[in-house]
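One structure is given here, and the rest of the page talks about it.
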Amino acid sequence: MTKSVAFYTLGCKLNFSETSTIGRQLTEQGYTKTDFEAGADVYVINTCSVTDNADKKCKRIVKEALRHNPEAFIAIIGCYAQLKPQEIARIPGVDLVLGAAEKFNINAYLEDTHKKPVAEIKEGKIKEVLEYHASYSLGDRTRTFLKVQDGCDYFCSFCTIPLARGKSRSDLIVNIVKQAEQIVNGGIKEIVLTGVNTGDFGAQTGETFLQLLQALEKVPNLERLRISSIEPNLLTDDIIQWVAQSKIVVPHFHIPLQSGSDKILSLMRRRYLTDLYTSRVQTIKTLMPHCCIGVDVIVGFPGESHEDFLDTYTYLNELDISYLHVFTYSERVNTTAYKMQGKVPLDERAQRSKMLHILSDKKRRHFYEQHLGTTRPVLWEAENSGQTMFGFTDNYIKVQRPYDPLFVNEVMRAELISINEEMVAETRMPELVIH
């Protein structure tokens with residue numbers, strides 16, 4: 001009898017690419033992939049451990065899976081599984097915990113999927129996780145997340161990712177190009193390059209991230225290439241200049257900052273100060289005034305005084321950026337920051353987060369308003385709400401129009417005419433020529 005498997009992914013785009021790849025592996029082994037609510041025989045939960053909230057979500061997802069099928073075999077993989085396997089094993093109903101070294105070998109542990117009285121743990125030592133596993137997501141008709149790099153050697157003082165994913169490593173350009181060709185041949189129009197520290201691509205193989213972009217530019221019929229995130233110290237002028245003249249790399253950068261205070265950046269052990277970050281933004285905007293720039297920022301880091309936070313707020317307010325991803329600092333065991341003095345009260349962290357979320361909304365609206373009256377290429381998605389369908393411009397403005405199934409997964413030029421309360425741009429189609 002064929003067994004069914006359902007998946008749930010917590011965390012980043014990298015996790016989504018890996019879940020999708022593991023799903024294809026299990027399907028090839030005879031499993032039938034099914035919806036989470038369908039009461040699957042096996043549930044695979046891919047976890048994140050960036051915040052405490054992600055840890056708590058894992059417990060809730062396990063409980064929900066067992067509600068759909070009390071006899072389901074529950075396997076937990078991902079960063080949380082590597083960092084806290086014993087803690088996960090104590091969650092009622094969990095049968096298998098696989099760390100970073102074993103998650104791509106999950107099929108070997110699913111020969112017996114009867115419920116276990118005690119969860120089996122296979123986490124391994126993170127120092128021994130040296131192998132690179134290629135991954136990319138499928139299922140979204142318009143966009144695929146393609147992993148090009150894994151792990152990190154940076155050891156920022158707040159981050160557990162090096163402990164969860166191991167040392168920085170990446171695939172060879174020739175292999176990534178082959179994967180990109182397979183993706184495009186499947187009808188995908190946009191590839192998003194993802195990794196833990198994407199810009200560190202090739203550091204161990206002698207290749208570079210710029211060379212990867214240049215090679216992917218030649219993939220036949222690839223219409224869009226997007227960089228998910230890249231560290232400011234690795235975002236070189238050469239990369240920016242290449243993107244500015246590229247026919248497929250879209251004008252959109254997501255560049256982690258984490259703090260606008262040089263004092264806090266030093267405490268975080270980041271590899272740059274605000275001067276370098278400002279320089280990167282100015283170079284981008286000089287070459288691509290229409291470019292969208294997203295920023296990661298952490299509030300409430302140990303030692304962050306009210307004045308330090310105001311430095312961050314002022315810096316971001318004056319910087320020509322498009323939106324923020326705001327993270328509230330949460331204590332993580334086994335990090336340097338966990339032992340630091342000057343803990344910021346939780347209510348103060350929440351207040352700072354609220355202020356930056358409001359600033360982000362203002363920044364996004366201003367960026368959208370700058371493009372009203374302009375015409376930009378839009379990749380229309382299958383996502384719709386009845387009579388309306390959605391898409392994104394090349395520079396990451398969310399847009400909508402009346403639903404038409406012929407537009408799904410097509411790149412078409414659209415004029416941005418207004419912005420609604422949900423921060424979505426209304427469009428008008430000046431030409432109905434499908435590219």
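Bear in mind these aren't lab numbers, they're just calculated from the coordinates by the rules spelled out. Computed from a predicted structure; not experimentally measured. FYI the Cβ positions are ideal-geometry reconstructions off the backbone, even for glycines, and counts take in every protein chain you see.
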Open item on the list: Could you work out the percent of alpha carbon pairs in the range 375-428 separated by over 16 Å, rounded to a whole number?
Closed with: 29 percent
Open item on the list: Could you give the length gained by full extension between residue 307 and residue 167, i.e. 0.36 nm per residue of separation minus their alpha carbon distance, to one decimal place?
Closed with: 46.8 nm
- [ ] Please list, in chain and number order, the residues 5+ apart from residue 327 or on another chain whose amide H is under 5 Å from its amide H, with Hs placed from the backbone.
- [x] 297, 298, 299
- [ ] Based on a Kirkwood Rh over C-alpha pairs, give the Stokes-Einstein translational diffusion coefficient of the range 4-128 at 10 °C and viscosity 1.306 mPa s in µm²/s.
- [x] 112 µm²/s
TODO: Distance from a point 7 Å along Cα→Cβ of residue 417 to each backbone N in the range 372-394: keep the residues under 16 Å and list them by number.
DONE: 372-376, 388-389
Open item on the list: Which three numbers, in whole Å and largest first, are the semi-axes of the equivalent ellipsoid of the range 143-368 derived from its Cα gyration tensor as √(5λ)?
Closed with: 32, 21, 15
Open item on the list: Amide H of residue 144 versus every other amide H placed in the peptide plane: which residues, excluding those fewer than 5 positions away on the same chain, fall under 5 Å?
Closed with: 190, 191, 192
Task: the range 148-187 - Rg (one decimal) and Dmax (whole number), Cα, Å - done: 14.3, 42
- [ ] Rank 211, 151, 184 by how far each Cα sits towards the positive end of the charge dipole of the range 143-368 (+1 on Lys, Arg Cβ; -1 on Asp, Glu Cβ) and give me just the farthest.
- [x] 184
- [ ] Run the numbers on the chain and let me know its relative contact order in percent, using alpha-carbon pairs under 8 Å that are six or more apart.
- [x] 10 percent
TODO: Give the order of 273, 193, 225 when sorted by the count of other beta carbons within 10 angstrom, beginning with the fewest.
DONE: 273, 225, 193
TODO: Express in nm, to one decimal, how much length is gained between residue 285 and residue 221 on full extension, taking 0.36 nm for each residue of separation and deducting their alpha carbon distance.
DONE: 20.2 nm
- [ ] Using the number of other C-beta atoms within 10 angstrom as an exposure proxy, rank 167, 218 with the fewest first.
- [x] 218, 167
- [ ] Name the residues whose placed amide hydrogens come within less than 5 Å of the amide hydrogen of residue 32, ignoring near sequence neighbours (fewer than 5 apart) on the same chain.
- [x] 3, 4, 5
TODO: Enter the Cα centre distance for the pair the range 60-85 and the range 384-435, rounded to the nearest angstrom.
DONE: 38 Å
Open item on the list: Run the helix sum for the chain: -39,500 (n - 2.57) per DSSP H stretch of 4+ residues, divided by residue count, reported at 222 nm to the nearest 500 deg cm²/dmol.
Closed with: -9500 deg cm²/dmol
TODO: Starting with the fewest neighbours, write out 104, 209 ranked by other beta-carbon atoms found within 10 Å of each beta-carbon.
DONE: 104, 209
